[in-house]
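The values are calculated or read from the model by the stated rules, or taken from the named source; none is laboratory data. This is a predicted model, so every value here is computed, not measured. Glycine gets a Cβ as well: all are built from the backbone with ideal geometry, and neighbour counts include every protein chain shown. Side chains are part of the model used for accessible areas, which takes the heavy atoms of the whole protein and leaves out ligands, DNA and RNA. Shrake-Rupley method; radii C 1.70, N 1.55, O 1.52, S 1.80 Å.
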Amino acid sequence: MANQNGVKSQNGTKKNGPLETIDLAAALEAPEDAAPVIARALENEGFLYLVNIPGFESGELFKATKWFFDLPLDQKMALARKAFVPENDNSYRGYYPVIPGGHSHKEAFETGMFGDFDLEKHKKKTYIDGRPLMREIVNEGNVWPDPDSKYPHFKETIKKYYNIYRKTGERVLRLIARSLKLEETALDHLYQPDVLATFRLLHYPSRVNIPKSEIPDEAKDGDTLMTTGPHADSTYITLLATFDNWGLQMQQDGEWIDVPPIKDSLVMNIGALMTELVGGRFKATIHRVVDLGEDRYSVPFFYSPNFDADISKTYDGKEIERPGQYKKFGPWMLNRTSQFKEYATTDFGVFIE
Ligand SMILES: O=C(O)CCC(=O)C(=O)O
Ligand SMILES: [Fe+2]
């Protein structure tokens, strides 16, 4: 397993195992020092750690996450997306249960858009030939467990951490803009009025006690049992709390390398769209999650631009060729999302300019 103790690298920044560690509070004080370190980490590993993140305290988020998944299944299913419970109204946000039979073995609770966005205005759904509008699906708002439950602060806690992750993403993107020799705020307009991001609480129940013969081959790599198979993330940047869990591994030179837990850190990695927008300069590194015999919890935030953000050109103005000729972020992202089994039966609706 990788070394969990930080070692000093030559430029004085701390490396934890294979990865660079960015002290975010210090990076905000001296962005000109941090920006090149971030760029180098994204070019070389595609992963790094953020620590000393203003406002972020993983224990509080873990408590809320664990509380949610400990709810009885019927209370969680009351929040399930329409694809799982047809009488529910929520198509995009909410809960999805474990879908047995694949490499991906997890339940999730998803929220998004808390910023300045007026969700009430967007609650209504319009149908064209029986199909909803894509824009309204992504703006449908969040669903919440019964407010009379024993954990009345769940919604406030999730909202608080959504905003901490979002702010962190914005800060890191400014450092990335700087590292690309752009104005620090050059990319900000892509993230207003709010990001079309997903904040996902995850629980991976362990399958070690299930007979091996009942576990699908796609979840096995020799003797290693996976709970999420090898993949690259789709969008811009992923910010991920792994709490004190091992299990996350990234691929480097054909080897699987552990990404060990570090207290109060967020692991950050790059998605495929960011790779395209920076002309291939940053890596969308393949990673997976291994089942180590215990239930695992994690909380990623898939930080993305807004629905209408133009993704047709690189940041230095070169046309991007991609299948489907998607020019706007929203339809591109939903097409990609529908390729995951958790969304395969979801109708994301009709796209109108
Ligand atoms: O749970 C983790 O540690 C990683 C999750 C992940 O890779 C993903 O959701 O894309
Ligand atoms: Fe991932």
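The table below gives the values:
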quantity: Estimated inter-spin distance, E60 and Q325, nm [label 7 Å along Cα→Cβ]; calculated: 4.9
quantity: Whole-number accessible area per residue in Å² for the range 2-343, which is evaluated in the context of all protein chains at 1.4 Å; calculated: 44
quantity: Max mean-square fluctuation residue, GNM over the chain, Cα-Cα springs under 10 Å, options G317, G293, G279; calculated: G317
quantity: Per-residue SASA entry for D146, accessible area with 1.4 Å probe, Å² rounded to 10; calculated: 90
quantity: Percent antiparallel among DSSP beta bridges (both partners in the chain, rounded to 5); calculated: 90
quantity: Accessible area of L182 in the full protein assembly, 1.4 Å probe (Å², nearest 10); calculated: 60
quantity: Whole-number percent relative contact order across the chain, with pairs defined as alpha carbons under 8 Å at least 6 apart; calculated: 22
quantity: Translational D in µm²/s for the range 19-133 (Stokes-Einstein at 4 °C, 1.567 mPa s, Kirkwood Rh from C-alpha pairs); calculated: 71
quantity: C-alpha center-to-center spacing [the range 186-208, the range 127-174] in angstrom; calculated: 10
quantity: Cross-link pairs K125/K328; K125/K167; K263/K327; K159/K263; K76/K125 - those with Cα-Cα distance over 32 Å; calculated: K263/K327
quantity: Residue of P205, P18, P100 that the Gaussian network model of the chain assigns the largest fluctuation, springs spanning Cα pairs under 10 Å; calculated: P100
quantity: Accessible surface of the chain, 1.4 Å probe, proportion on carbon and sulfur as whole %; calculated: 50
quantity: Span-like helix ranges in the chain, DSSP H, alpha carbon extent 15 angstrom or more, Kyte mean at least -0.5; calculated: 31-44, 58-69
quantity: Probe 1.4 Å - accessible area at T185, Å² to nearest ten; calculated: 70
quantity: Computed lengthening from E170 to T185, 0.36 nm per intervening residue step minus Cα-Cα distance; calculated: 4.4 nm
quantity: Isotropically averaged projected area of the range 2-343, using the convex hull of Cα atoms (one quarter of hull area), nm²; calculated: 18.2
quantity: Selected from G247, G324, G271 as most flexible by GNM, with the chain as the system and alpha-carbon contacts under 10 Å; calculated: G324
quantity: Estimated 222 nm signal from helices in the chain, with DSSP H stretches of n ≥ 4 weighted -39500 (n - 2.57), rounded to 500; calculated: -7000 deg cm²/dmol
quantity: Column: log10 I(q)/I(0), Debye, Cα scatterers of the range 122-256, q = 0.10, 0.15, 0.19, 0.20 Å⁻¹; calculated: -0.59, -1.12, -1.23, -1.25
